[in-house]
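Inspection log for the structure reproduced underneath, given as structure tokens.
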Amino acid sequence: MATKTKSNEIRITRMYNAPIETVWDAWTDPKQVGKWWGPRGFTLTTHSKDLRPGGSWKYTMHGPDGVDYPNDTQYFEVEKYTKLVYDHGGNDDQPPLFRVTVLFSMIDDKTKMEMSMTLPTPEAAEETRQFIKKAGGDSTWDRLAEFVEEKSSGKEKFIINRTFTVPINQMFDMWTDPKHFSQWLPPTGFNMQFIKCDIKSGGSSFYCMTGNNDMKMYGRAKYSEIEKPNRIVYTQQFCDENEKVTRHPMSPTWPETMLTIVELTEEGPAQTRVTVTWEPHGTTTSEEMETFIKAKGGMTQGWTGSFDKLDEYLLSRMR
């Protein structure tokens, strides 16, 4: 979720598990940027790109519904591996929507990206914020994370981020206390009940999710890392009622075991960014990997629904 620091400004911060050169090239090389730019489901055609102050990037985004979005980005500052400043959203029929500043820096062996979008008025900022949310625009930066991860490690992963207005220790509890976890994690239309639960390093859980049509799905998780308040790592499998491993009830070629990494980052005294990384674990067939890759759009919808429920749950506890 985009976060606001000024009334007319939207700010986004991301950490990428790749060298700064890799992230910069992903942004500036037309062949690479075409593989991740835009919300999930969008594709990109670059017509020309002149990366220098006074230069421009002319491209068209193609929506999954067939709608085209022409863009003429104008560059004002280009400092290699450090900074980009440009106007976004303009084309032959409309002026730019906002000014963007992107800063790149190295922290340990990772790249920090800090982006600000400055709009003319607070009302324009709020309208843009809602448009980004509705269009799934923040998934652009998740797609970038997946792209540079694949370039750096050769692994296909699903990554999603969300920022919540809540202290980091409280967010950690949302992920590790079963009475909280069960309230927001299940997909929309499902309830979750833990049959047994021991969320700690080396611990495990066994649970049941029940849908509106009385459909039941059982699953188990094994926790390999619990580092309060920043990191939770576990594997997850579908099971039957006797905790015997089975396949996904609606997708028989879904990978048998998934690895989930949850990273919590403090962005302020009462603001926490959640980064979820999901990937197949153990022996995986090419068919299973293809199923995983094709399902990223659905995974985005599923996690977005859970995060929306978490937002509502946190608000309900504040009332």
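The values are calculated or read from the model by the stated rules, or taken from the named source; none is laboratory data. All figures in this text were calculated on a predicted structure; none of them were measured in a lab. Quick reminder, even Gly has a Cβ in these numbers, built from the backbone with ideal geometry, and neighbours come from all protein chains shown. These accessible areas exclude ligands, DNA and RNA; they are computed on the full protein's heavy atoms, side chains included. Shrake-Rupley method; radii C 1.70, N 1.55, O 1.52, S 1.80 Å.
Which residue is farthest from C239 (Cα to Cα), if the candidates are limited to the range 176-189 and must be open to solvent by less than 70 Å² (accessible area, probe 1.4 Å) and free of Cβ contacts under 8 Å to residues at least 24 places away in the same chain? So, considering only residues that are open to solvent by less than 70 Å² (accessible area, probe 1.4 Å) and free of Cβ contacts under 8 Å to residues at least 24 places away in the same chain, the one farthest from C239 (Cα to Cα) is D177.
Being in contact with a helix residue (DSSP H, G or I) (Cβ under 8 Å, 6 or more places away or on another chain), without any contact (Cβ under 8 Å) to a residue 12 or more places away in the chain and on the phi < 0 side of the Ramachandran plot: is that true of D173 here?
Numbers: in contact with a helix residue (DSSP H, G or I) (Cβ under 8 Å, 6 or more places away or on another chain): yes; without any contact (Cβ under 8 Å) to a residue 12 or more places away in the chain: yes; on the phi < 0 side of the Ramachandran plot: yes.
Spelling it out, D173 is indeed in contact with a helix residue (DSSP H, G or I) (Cβ under 8 Å, 6 or more places away or on another chain), without any contact (Cβ under 8 Å) to a residue 12 or more places away in the chain and on the phi < 0 side of the Ramachandran plot.
Answer yes if at least one residue in the range 245-255 is part of a loop (DSSP other than H, G, I, E, B) and among the β-branched types (V, I, T), and no otherwise. Yes, the conditions are met somewhere in the range 245-255. Note on the range 229-265: residues that are surrounded by fewer than 17 Cβ atoms within 10 Å (Cβ to Cβ) and of a type in the set (A, V, I, L, M) amount to 2. Residue count for the range 72-123 satisfying the condition of being surrounded by 14 or more Cβ atoms within 10 Å (Cβ to Cβ) and part of a loop (DSSP other than H, G, I, E, B): 6.
For the range 124-139, name all the residues that are open to solvent by less than 50 Å² (accessible area, probe 1.4 Å) and either in a helix (DSSP H, G or I) or in contact with a Cys (Cβ under 7 Å, 6 or more places away or on another chain) (or both). Residues satisfying the conditions are A124, A125, T128, R129, I132, A135, S139. Residue check: is Y69 in a strand (DSSP E or B), modelled with pLDDT under 95 and within 23 Å of K133 (Cβ to Cβ)? For Y69, the condition - in a strand (DSSP E or B), modelled with pLDDT under 95 and within 23 Å of K133 (Cβ to Cβ) - is met.
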